[in-house]
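The values are calculated or read from the model by the stated rules, or taken from the named source; none is laboratory data. Treat the numbers as computed from the prediction; the structure is a model and nothing was measured. Positions of Cβ are backbone-derived with ideal geometry, glycine not excepted, and every protein chain shown enters the neighbour counts.
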């Protein structure tokens, strides 16, 4: 359960941004300040403390006291990202919804750009934009362009910068709490069944990759959940060659493992497509073997060094 302040009495804001926070003190102020710096000002920010043990709560309380658009909420205990998002959106007052992480940064024109796109296209339900990857020290390493929603079989085309109508929240029934780490991919896949998604070709967000980020620390578990979501969605796809291509793309995207089960599913869907991509599979096998051998050598070298120092 979330402990919340009394409901707002003034006119509801247009945009509700949810920010789940778990031990995010290192980058939290940057994240909140990027929301305050938006050139679109009709918003609310719901900062939700999910059982943090660092200074996150004090940081959120400070900003909530300084800016009435910021609401500091707290879970009674740690419940995880998807459940925290669901609690946050249940408390949201805005007609347009989005969420961000405590270690990422919105570019100043993110909301104004995406709100304008939805206003210009009433038939569109979800808009999403490109973003840049940054390091723990804020260094930009590369840009990730938004891809057509038709590419959802091969990647998560929506990425990190997005905005959608409240109707999407109401009809999809929230994020799947069993898919922690892949909850966003699952959400967009379900959304694509009944809503119109539109990419916006511009860089509106800074997505941080560092040693403690979720993408780094739980990558193997996330890949398994992505595989589950993809297989579920492919069951309703009549194009067998598309099924095979999607499964093979998932197999070859993992540099550290060979998912023989998924490769077999691709073969049973379309032997022709699987044989067509056989050279790519052979190259993938060689790459996995090389990485596995390299890790063993590095691990053995480190163990040897420890024994020599003992």
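Please pick out the residue among 256, 250, 204 that is more than 27 Å from residue 91 (Cα to Cα), touching a helix residue (DSSP H, G or I) at 6+ places or on another chain (Cβ under 7 Å) and outside any loop (DSSP other than H, G, I, E, B). Explain how you work it out, then say what you get.
Details: 256 fails: outside any loop (DSSP other than H, G, I, E, B); 204 fails: more than 27 Å from residue 91 (Cα to Cα).
The match here is 250.
Yes or no, residue by residue, for (1) touching a residue at least 12 places away in the same chain (Cβ under 8 Å); (2) closer than 25 Å to residue 198 by Cα; (3) under 20 Å from the mean Cα position of the chain (by Cα); (4) in a strand (DSSP E or B):
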{"position": "10", "(1), (2), (3), (4)": "no, no, no, no"}
{"position": "16", "(1), (2), (3), (4)": "yes, yes, yes, yes"}
{"position": "30", "(1), (2), (3), (4)": "yes, no, yes, no"}
{"position": "44", "(1), (2), (3), (4)": "yes, yes, no, yes"}
{"position": "94", "(1), (2), (3), (4)": "yes, yes, no, no"}
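In the stretch 143-164, what residues are closer than 15 Å to residue 192 by Cβ and in a strand (DSSP E or B)? Please lay out each step first, then the result.
Within the stretch 143-164, the subset closer than 15 Å to residue 192 by Cβ is 146-159, 162, 164.
Answer for the stretch 143-164, where residues must be closer than 15 Å to residue 192 by Cβ and in a strand (DSSP E or B): 162, 164.
Can you find a residue that is on the phi > 0 side of the Ramachandran plot and modelled with pLDDT under 95 anywhere in the stretch 179-197? If you could, list the steps in order and put the result at the bottom.
First, the residues of the stretch 179-197 that are on the phi > 0 side of the Ramachandran plot: 181.
With the extra rule that they be modelled with pLDDT under 95, the set shrinks to 181.
Yes, there is a match, as at least one residue in the stretch 179-197 is on the phi > 0 side of the Ramachandran plot and modelled with pLDDT under 95.
Being closer than 30 Å to residue 178 by Cβ and not in a loop (DSSP other than H, G, I, E, B) narrows it down to one of 58, 90, 64, 116, so name that one. Spell out how you get there, then give the answer.
Working: 58 fails: closer than 30 Å to residue 178 by Cβ; 64 fails: closer than 30 Å to residue 178 by Cβ; 116 fails: closer than 30 Å to residue 178 by Cβ.
Step by step, each of 58, 90, 64, 116 is checked, and only 90 is closer than 30 Å to residue 178 by Cβ and not in a loop (DSSP other than H, G, I, E, B).
Taking the options 208, 241, 165, 232, name whichever one is closer than 27 Å to residue 102 by Cβ and surrounded by fewer than 20 Cβ atoms within 10 Å (Cβ to Cβ). Write out each step before concluding.
On the way: 208 fails: surrounded by fewer than 20 Cβ atoms within 10 Å (Cβ to Cβ); 241 fails: closer than 27 Å to residue 102 by Cβ; 232 fails: closer than 27 Å to residue 102 by Cβ.
165 is the lone residue from the list that is closer than 27 Å to residue 102 by Cβ and surrounded by fewer than 20 Cβ atoms within 10 Å (Cβ to Cβ).
Among the residues of the stretch 119-142 satisfying the criterion of being part of a loop (DSSP other than H, G, I, E, B) and surrounded by 15 or more Cβ atoms within 10 Å (Cβ to Cβ), which is nearest to the chain's Cα centre (by Cα)? So that I can check it myself, show each step before the final result.
Going residue by residue through the stretch 119-142, those that are part of a loop (DSSP other than H, G, I, E, B) are 121-125, 135-139.
From the residues that got through so far, the ones that are surrounded by 15 or more Cβ atoms within 10 Å (Cβ to Cβ) too are 124-125.
Numbers: 124: 21, 125: 18 Å.
Going through the qualifying residues, I end up with 125.
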